[in-house]
Every structure is written in structure tokens, then in C-alpha cells.
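One structure below.
The values are calculated or read from the model by the stated rules, or taken from the named source; none is laboratory data. Here the structure is a predicted model, which means the values were calculated and not measured. Ideal geometry is used to build each Cβ from the backbone, glycine not excepted, and the neighbour counts take in all protein chains shown.
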Amino acid sequence: MVTLWVKQRNHPRNKIIVLSLEQAREAILAKIIPASETTAIPLDQALNHYVGTTLTAQVDNPAFDNSAMDGYAINCKDLDEANGYQLSLIGEAACGSAPAQLAPNSTMRIFTGAPLPQGADSVVMQENIEVSDGGKITFPEEVKIGGNIRRRGEDFKKGDNLYNSGHQITSNDLALLATAGIAQPIVWTPPRILVIATGDELISPGDTLQPGQIYESNRLTTIAQLAELGVTHVDSDTLRDDPNILREHFAGAQNYDFIITSGGASVGDYDLVKQIFSEIGEISFWKARIKPGKPIAFGRVGERSHFFALPGNPVASLVTFKLFIEPALIHWHHGTFHDPQLQARALGPYQRRPGRREFLRAQLSIDNGILCAMPLPGQGSHMVRPLNQTNGFIVVNETSSGFKDGDTITAIPLTTHIASGQHTY
Ligand code: AMP
Ligand code: MG
């Protein structure tokens, strides 16, 4: 048996500070050393990266006056009663060619996105004209100057500020960045992260369980949660509860921006992780007044490495990731974390004794446009079965003793895949 210290209830080393969720988050964010290196990344690899500087438009959009419709380009003053609102068709303005020249008393066929011919001041939709014999086009009596024209720079102008540092690039953003001629946006160089699961009992899914063993799940889940945040530079391992192995790994991991462990962060005799971190780094250790979530440890090692020691219970691990690591990573990338809390209608009651802020695994659904949240049965932090129905959390505040069916409660969606209609399990 490995005993690194004899537990003494009153020993200052074992005194656990209890913080609210907000205090714990603040304590973490105050200690994060934000990213300092940027890199230019090709646009086709930029999805999910975080903008590392102010990004400005390299061109005007639209880049030139062009047609919003398939139709005919005209100069409005050429149309009058005297010519019967007829003009001669003299050619075509095609997409991808330089602007053509419109001669007086003539019109040109034009297509959506094609440059407006010089001399034209309006485009008439093809549905609104008539083609007459002899190559003449008859127009309506009323046409508007500027009609169906997209003006150069009306969307944005060269030099406009489009993004600030800390913005995470989405698929929408790729459309804007490409249009603005930003081929290699500057982004924060992605963090390098080491994910370690600890526990003598852990084996990989696929191996045969021996007595006392369980399948490891936190390492996989944490890596997937990181990927959902766009972080993919991850190394990982599963280690035994051996202080020498853990010490060697953690001490050699100071080039990682984040080291995330699960298990071994509690107060059991084998809970070595936090002690080794406190030997090699500067550790903050507390119990947050949340459920699930045992004491977690956070701190820094070396010049720039941060570590999080998450609880081992799978549900506690994934909830504490969401509550602490997600805001920490956004902050590290110079972004702003927005707590995604929404009002929802309770589907079903939940009763409890007030105390900690609780995060219930819940099934969110939409009923006639109203967000609903059903607490799932089996809320023990070791119980993973409800995860196959979980697409959000219900937040139960410290002073609350629960809620009744139909009450307005607070929910955190974990996905945008929220089905319509009331769901049951
Ligand atoms: P610990 O925090 O190490 O005391 O672990 C608490 C509980 O979580 C124990 O039942 C462990 O077996 C379980 N556990 C720890 N790590 C993992 C893991 N990576 N995957 C699944 N269960 C784990
Ligand atoms: Mg353990």
C-alpha cells in the first residue's frame, strides 16, 4: 500500500477550502496564462481555431457593382414613351469578365453576380421584360435607378475590422474569411494537452475484465470533449496508481499547455495525483459546492503548464470538464466564456435536500417552441446509463429543494440536436 501522508483531519495540508462554482471558476481564470504564440493557418484548416489578432478585410465586398438578378442592364434615362420602352439588345455581361460598356439606347443581358456594365444604372429582372422581334427588349414603364444592383463595398470595405482576437472560427466564419480575402488567418497556436487517466483498476475497452477491473472511459471522453472545443493536439495515457510512475510523467510533461488527469484527486490513500502536483508545481485544491464533483485540483507547473486533476467518477469527470476546463480553455485562447444557461420547463419533478449546486443529467426537448428538460433517473455520479439520453443538464441551485413538474427551471444544452415533442426514456 502506498501512503504518502497520514491523513490528519486538522493538518493544514488536508484542509479543504469550499468554493462556490463562480469562485472556483474565478480562481482558475485568474491563474491561466493565456496563449502567447500565434500562427498563420490555411483557411481550409482554420475551422475551430481561435483568431489570434484583429482580422481586417483585404478587399471590398461586393468587390464591384454587380447584378443581383438574371435580367437586363439598362440606363433608366434611355427608357421613355417615345421609344415605347424598348431598347436594342447589344450583348451580354457575363460572370467573371471585366465590366462591359453599355452604349446609349441599348441593353445587355446580365447574370447574377456579373459586373454591371459601365453606363448602366439598373437591372430589370428577366421575368419583367418582353423580347420583341428584331432584337428589341420591351421594359416596364416604371424602373428604379439602382434596382437589382449590389453596390461595391455595401457589405464591407477593405480594411474593415471583421474579427477580434479570441473568436472561435465556425463554418459561417469561413464564408466571411474567404470572401474577405483572408487566406491565412492568424490564430492562437493550439494548446498541447496531455490527458492522463489514473487507476490500478482501469483497463481498455476490448480487453477482458479481470476481478476488480473496470473499463476506462474518462480519458476517451475528455479527449472527445477537447475535440468538440476544437482542441486536437492531445497525447494521452492510462497510468497505474504508482507515485514514481506518476511523478516521472508529470515532471516530464511541462511542455504541455494543459495536463488533465482523472482519478486520484480525492482524499483516499491512493489519491496521489494532487500530492505529486503539489510537489512539482503550485497547486490550488478545493472542493467546489457542486454535485457531481468531488474536490478538484488546479494549478501550474513550470513556466506555462496548467493542470487540472478531475475526479475519477465518469459523470463527475465530464461535468467538471464542462464547468471548469471549457471556460479555462476559452480564456486561454483570449475568448470570453458565456455560460449557456437557458430557461426550461420541467418535465417531471425532482426532490432533494438543499446544499450544493447540482447538475442533473437531463433530456432536453422542444414542445411548441418551449424548451423542456426532464431529469433522467439514475443521477449517481458512477451511473453512466442515463448518458444515452443526456443532451443537457438541469441546474439546481444551492438553496433549492428541487422542482415540480411544469416549474420554470434552468438548463444547459450540450448540443443543438434537441428533438421536438416531449420525449420519454
Ligand atoms: P478516484 O477519483 O480515483 O477515487 O475514482 C473514483 C471512481 O471513479 C472509482 O470508482 C474509479 O474506479 C472510477 N474511475 C476512476 N478513473 C476512471 C476512468 N478513467 N474511467 C472510468 N472510471 C474511473
Ligand atoms: Mg483512483
Inspect all residues belonging to region 123-131 and state whether any of them is closer than 30 Å to E326 by Cα, exposed (fewer than 14 other Cβ atoms within 10 Å of the Cβ), under 45 Å from the mean Cα position of the chain (by Cα) and at pLDDT 95 or above.
no
In this structure, is T138 closer than 30 Å to I74 by Cα and modelled with pLDDT of 95 or more? yes
Open item on the list: Among the residues in region 371-390, are any of a type in the set (S, T, N, Q), within 30 Å of Y50 (Cβ to Cβ), surrounded by fewer than 20 Cβ atoms within 10 Å (Cβ to Cβ) and modelled with pLDDT of 95 or more?
Closed with: yes
Those residues of region 364-406 that are more than 23 Å from the chain's Cα centre (by Cα) and either within 26 Å of T221 (Cα to Cα) or not acidic (D, E) (or both) come to a total of 25
- Query: Do we have any residue at all in region 407-415 that's outside the structural domain of K291 (by TED's automatic domain parsing), more than 16 Å from ligand 1 (Cβ to nearest atom), without any contact (Cβ under 8 Å) to a residue 60 or more places away in the chain and surrounded by 13 or more Cβ atoms within 10 Å (Cβ to Cβ)?
  - Reply: no
Scanning region 186-209 for residues that are within 14 Å of ligand 1 (Cβ to nearest atom) and either over 26 Å from I280 (Cβ atoms) or not assigned by TED's automatic domain parsing to the domain that holds Q275 (or both) gives I203, S204, P205, D207, L209
In region 300-331, residues that are of a type outside the set (V, I, T) and in a strand (DSSP E or B) total 7
Residue set A30, A120, A82; condition outside any strand (DSSP E or B), assigned by TED's automatic domain parsing to the domain that holds K287 and either more than 30 Å from I290 (Cβ to Cβ) or out of contact with any Gly (no Cβ under 7 Å at 6 or more places or on another chain) (or both); output residue A30
Subject >> Boolean, I223 is under 20 Å from V319 (Cβ atoms), of a type in the set (V, I, T) and more than 16 Å from ligand 2 (Cβ to nearest atom) >> reply: yes
If we take region 369-425, then strands (runs of 3 or more DSSP E) inside it with 2 or more residues that are within 23 Å of S262 (Cβ to Cβ) are 392-396
**Study point:** Residue match in region 149-170 (condition: within 16 Å of ligand 1 (Cβ to nearest atom), in a loop (DSSP other than H, G, I, E, B) and more than 30 Å from M125 (Cα to Cα))
**Key:** no
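Any residue in region 34-57 that is out of contact with any Leu (no Cβ under 8 Å at 6 or more places or on another chain) and farther than 25 Å from I330 by Cα?
No, that holds for no residue.
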